[in-house]
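Student: What follows is a structure written as structure tokens; I'll ask about it next.
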Amino acid sequence: MTPKCVPGDATTAAPYEQALQGARAHVLLTDPPYCLLTRRRKGGDEREPKGRKIDRDPVVRFEDVKTYRGFTEKWLTLAVSHLSNDATLVIWTNLLGKEPIQTVASKLGFLYLHGEYVWAKRTREGNSGEELLRMYEVALVLSRVPKAVPSHHDQALAWAAVAGYDDEGEADTWGHHPHHKPFGVLEPLVRNFSAPGQLVLDPFAGSGSIPLAALRLGRRIACIELKEDWAKRVTARLAGAL
């Protein structure tokens, strides 16, 4: 059966029940909205989004870090309730999002931060042709137990990946979602923190980068996406991988 991406709000219970059908996931691997704050002018009016058409912009912004922490508490509490007791959290974030995510995770019993997995994004420098690397995003790896690595894992952990935004050319095909990540960035996370056949939960599927990586590596997937049109794209993308 082709996996489907459930359209729904990850801060509400119903999508999880529909996506998981009573099963418990072994890893939460997801790329939620980052702690990006609303841009305002000096008088308080909101600035127009930069660089994207408003009707196609899926970027979410928050008034302040406290608001983001509240958002994180809503979705993460629900997600954790559908995980196995020995599950690992692997959550992508930006600098401002680290503290809110770690604070909420700690309250939910995920006391051990095993590290930050770094995506060093490859960019090209002007006319010189040189390729530069900059730390683009990080994924926090947390668990309830001191060891987050599955017992079957006998290789050294990878804590960084070097890749461009669209090394495989799939972002262009699937709508250039701002949270798109190439397979080469996600593969180490799937391999390090789950075993073949285990269930991976992604409540913020976006264009489907994480569910597709998990599916390619022999994992089962359950995924949710707020925007119905993006959820349909994810389902189509997963069907094309089978």
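The values are calculated or read from the model by the stated rules, or taken from the named source; none is laboratory data. What you are looking at is a predicted structure, and each value in this text was computed from that prediction instead of being measured. Because the Cβ atoms are built from the backbone with ideal geometry, glycine has one as well, and the counts that use them run over all protein chains shown.
Student: Pull out all pairs, ordered by first then second residue, where Cβ-Cβ is under 7 Å, the residues are six or more apart or on different chains, the first lies in the stretch 215-242 and is at negative phi, and the second is among the basic types (K, R).
Tutor: So the pair list comes out as L217/R191; T235/K4; A241/R216.
Student: Something else now. Tell me which helices (runs of 4 or more DSSP H) are completely within the stretch 125-242 and hold 3 or more residues being at pLDDT 90 or above and closer than 22 Å to P33 by Cβ, or say none if there are none.
Tutor: By residue number, 183-193, 209-216, 228-241.
Student: What are the pairs with Cβ atoms under 6 angstrom where one residue, in the stretch 17-28, is free of Cβ contacts under 8 Å to residues at least 40 places away in the same chain and within 16 Å of N85 (Cα to Cα) and the other, located anywhere, is part of a helix (DSSP H, G or I) and charged (D, E, K, R)? Sequence gap at least six, or different chains.
Tutor: Pairs found: none.
Student: Now for a separate question. Based on what the data block shows, is T2 modelled with pLDDT under 90, closer than 19 Å to I210 by Cα, surrounded by fewer than 17 Cβ atoms within 10 Å (Cβ to Cβ) and of a type in the set (S, T, N, Q)?
Tutor: Spelling it out, T2 is indeed modelled with pLDDT under 90, closer than 19 Å to I210 by Cα, surrounded by fewer than 17 Cβ atoms within 10 Å (Cβ to Cβ) and of a type in the set (S, T, N, Q).
Student: Give the residue, chosen from T77, T72, that is more than 23 Å from L238 (Cβ to Cβ), surrounded by fewer than 15 Cβ atoms within 10 Å (Cβ to Cβ), among the hydroxyl-bearing types (S, T, Y) and modelled with pLDDT of 95 or more.
Tutor: That would be T77, the only listed residue that is more than 23 Å from L238 (Cβ to Cβ), surrounded by fewer than 15 Cβ atoms within 10 Å (Cβ to Cβ), among the hydroxyl-bearing types (S, T, Y) and modelled with pLDDT of 95 or more.
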